1. Looking at the range 153-268, I'd like the Rg to Rh ratio, where Rg is from alpha-carbon atoms and Rh is Kirkwood's inverse mean 1/r.
2. Please compute the contact order of the chain in relative form: average sequence separation of alpha-carbon pairs under 8 Å and at least six residues apart, divided by the residue count, as a percent.
3. Could you tell me whether the range 1-61 comes out rounded, prolate or oblate from its Cα gyration tensor? Rule is a ≥ b ≥ c as square roots of the eigenvalues, rounded for a/c under 1.5, then prolate if a/b exceeds b/c, otherwise oblate.
4. Let me spell out the model: positive unit charges on the Cβ of Lys and Arg, negative unit charges on the Cβ of Asp and Glu, origin at the Cα centre of the chain. What dipole size does that give, in debye rounded to 20?
5. Report ³J(HN,Hα) in whole Hz for each residue of the range 16-27, in order, from the Karplus equation J = 6.51 cos²θ - 1.76 cosθ + 1.60 where θ = phi - 60°; Gly and Pro get x.
6. When you take every Cα atom in the range 214-254, what is the radius of gyration, and what is Dmax, the widest Cα pair distance, in Å?
7. Could you give the distance between the Cα centres of the range 6-75 and the range 91-121, to the whole Å?
8. Less than 16 Å apart at the alpha-carbon level, and either on another chain or at least 8 residues along: which lysines does that give for residue 170?
Amino acid sequence: MNVLVINCGSSSLKFQLINSETEEVAAKGLCERIGIDGRLVYQPAGGEKEITEAPMPTHTEAISMVLDALVNPKTGVLKSLDEVEAIGHRVLHGGAKLTASRIIDDYVISVIDECCDLGPLHNPANLMGIRACMKLMPGKANVAVFDTAFHQTMPAKAYRYAIPTKFYDKYAIRKYGFHGTSHSFVSKETIKYLGLNKETSKVIVAHLGNGASISAVKGGECVDTSMGLTPLEGLIMGTRSGDLDPAVLEYLCNHENLSVSDMLRILNKESGVYALSDNLSSDFRDLEEAMDGGNKAAELAIDAFSYRVAKYIGSYVAAMNGVDAIAFTGGIGENAGIVREKVISYLGFLGLAIDPEQNKKRGERCIISTKDSKVIAAIVPTNEELAICRETVELVEKAGGAKEEI
Ligand code: AMP
């Protein structure tokens, strides 16, 4: 089955066309600057990148250009759009109502719409992508795969905030968690790779990228995660602060004459390792290079980032009363050996030690703990697009099967 995987941001759209039997990517690319001017980067498997600049006032024009590129007689990979059998959409927030991937119908659209409040940057863009695909490829199955779904198995003691119940009842203010597609994919891959018994397994997934989150997965189900109502809570990130005393907001609003929205912009876009490195960079490649050159602020940023990850791992070991494996994933988790080394240096109490030779590896699935460690640490690359493709196929096949039975 050919599955088109779509990931819409507010002014961008990433796509991959995946053959679900071989799990190979036939073509991929992205549309940038939607609503501003418009630029499509398209790359067929084994081919050169093609860049086309053309107006993209909305996501509909962007998706229309992607579809044209896929069937282009010269560099396209499809003869006709009939060969696309299903479309899988990454959707940020499904709230408490959509707790698993779903074939998109009017109800699913209405809940994604309701959740725009909780995901104001992403949900409206996700909806635009869904509506554009429905308009341009009528009759095809569209599936929504939610970033929040995997975390819906968390117990109330993990997801409730200790604030008045009326706010939970009235507005569903609680921890939701994000990067669920990645946490689900990587925890499953880790269990398979290490030959763990799924039912009894205790896995911690550290998804460390520009956005970063960590989850505790017991018996294959998420029992806790670091992101909250929004992706701002938890770990220190590229430009996001992660956890901090909420009273900081009032203090800075009063002393700097800022609005709450100003402060949230600062906490989302001007904080994190970027701020700790004195605005040097949010990219760990730059931070590592600067630290090696003696830059103390860059060193502090990497230290604070790693320390926060280690503290969360410690708390999740307590939450699960043990741990079998810690999986590092995401751009930083898969590539930055220095971060893995620093994180693991705090975890000797678990009987876990790093193998320095193995830890030199980048982006490849491997064990990085020593052979005699009591807990395994591993690099397990994530692949969110493939995870979305697999979920889409599973739902479409189930729906097809159900129809045949009728
Ligand atoms: P992601 O959001 O998962 O794509 O991760 C992006 C981040 O991964 C970048 O901003 C870098 O901080 C980090 N990263 C990517 N490649 C490397 C690398 N080779 N070494 C260190 N950090 C890297």
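Throughout, read-outs are computed from the coordinates displayed, never taken from laboratory work. It should be emphasised that the depicted structure is a prediction, and the values quoted were computed from it without experimental measurement. Don't worry about glycine lacking a Cβ; one is built from the backbone with ideal geometry, like all the others, and counts go over all protein chains shown.
1. Values: Rg = 16.7 Å, Rh = 15.8 Å.
When Rh is taken as the Kirkwood radius, the ratio is 1.06.
2. Working: 849 pairs, mean separation 53.7, N = 406.
About 13 percent, as a whole number.
3. Values: a/c = 3.34, a/b = 1.73, b/c = 1.94.
Oblate shape, in that a/c is at least 1.5 and b/c is the bigger or equal ratio.
4. Dipole of the chain, to the nearest 20 debye: 760 debye.
5. Listing the rounded values in order: 9, 9, 10, 7, 6, 6, 8, 6, 8, 8, 7, 7 Hz.
6. Just the Cα atoms of the range 214-254 yield Rg and Dmax of 13.5, 47 Å.
7. 24 Å
8. Straight-distance partners of residue 170: 97.
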